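What follows is a set of notes on a single structure, which appears directly below.
Taken together, the values in this text are just the output of simple stated rules run on the coordinates, not laboratory data. This structure is a prediction, so every number in the text was calculated from the model and none was measured. For neighbour counting, all protein chains shown are included, and Cβ atoms are generated from backbone atoms with ideal geometry for every residue, glycine included.
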Amino acid sequence: MIHSRAFRRLEAKTQVFAPSLCDHFRNRLTHTIEVAQIARTAANVLALDEDLTEALALAHDIGHPPFAHAGEEELNRQMQRFGGHFDHNQHALRIVDSFEQRYARFPGLNLTFEVREGIVKHSKDLAAGQQPEFAEYLPALRPPLEAQLIDLADEVAL
């Protein structure tokens, strides 16, 4: 994940900038690294799979557009005009499955089912049949504990 273009591009996306509070500029890359550190530490304490947790943490924001959730909401609004929708988890899966080109003969990254499932489910529960494109990721089951941990670590990190 660290060597993917999508991960490196997080550097150009603003996460937080609050000039009235301080002059500390945060981008999505620094935020993602902080989420990974928090999540891996918590995974160790909770005896969860640290490698899976870190992989999910490093991938958790790659599907977000610029301008954070406001950008996602606007993209979704615009897509609805054409009968579609925008979901950052779905876009993240599209990035790792199709856009990344690590190997000449194979599209996407060589990720395990668990990493791909965690990318899809890290920030929400899926209802069976709600999004047919996610049917293979066990929508009736809650996200893995490692994916749930990422959501909490994301809340803690700035």
Which whole-Hz ³J(HN,Hα) couplings does the stretch 35-50 yield from phi under the Karplus relation 6.51 cos²θ - 1.76 cosθ + 1.60, θ = phi - 60°, glycine and proline marked x?
-> 4, 4, 5, 4, 5, 5, 4, 5, 4, 4, 5, 8, 6, 8, 6, 5
Choice from 96, 115, 45 showing the highest fluctuation, given a GNM over the chain with Cα pairs closer than 10 Å | 45
Pop a pseudo-label 7 angstrom from the Cα along the beta-carbon direction at both residue 5 and residue 94 and give the gap in nm to one decimal.
-> 1.6
Debye, to nearest 20: dipole size of the chain, +1 on Lys, Arg Cβ, -1 on Asp, Glu Cβ = 540
Label residue 51 and residue 104 with points 7 Å out from Cα along Cα→Cβ: what is the distance between them in nm?
-> 2.8
Under a plain spin-label model, where a point goes 7 Å from the Cα along Cα-to-Cβ, how far apart in nm are residue 130 and residue 41?
-> 3.2
Take the alpha-carbon positions of the chain, form their convex hull, and give its projected area averaged over all directions (one quarter of the hull surface) in nm².
-> 10.4
Would you please put 146-158, 73-85, 119-131, 47-59 in order of how densely packed they are, using the mean number of other Cβ atoms within 10 angstrom per residue and starting with the highest?
-> 47-59, 146-158, 119-131, 73-85
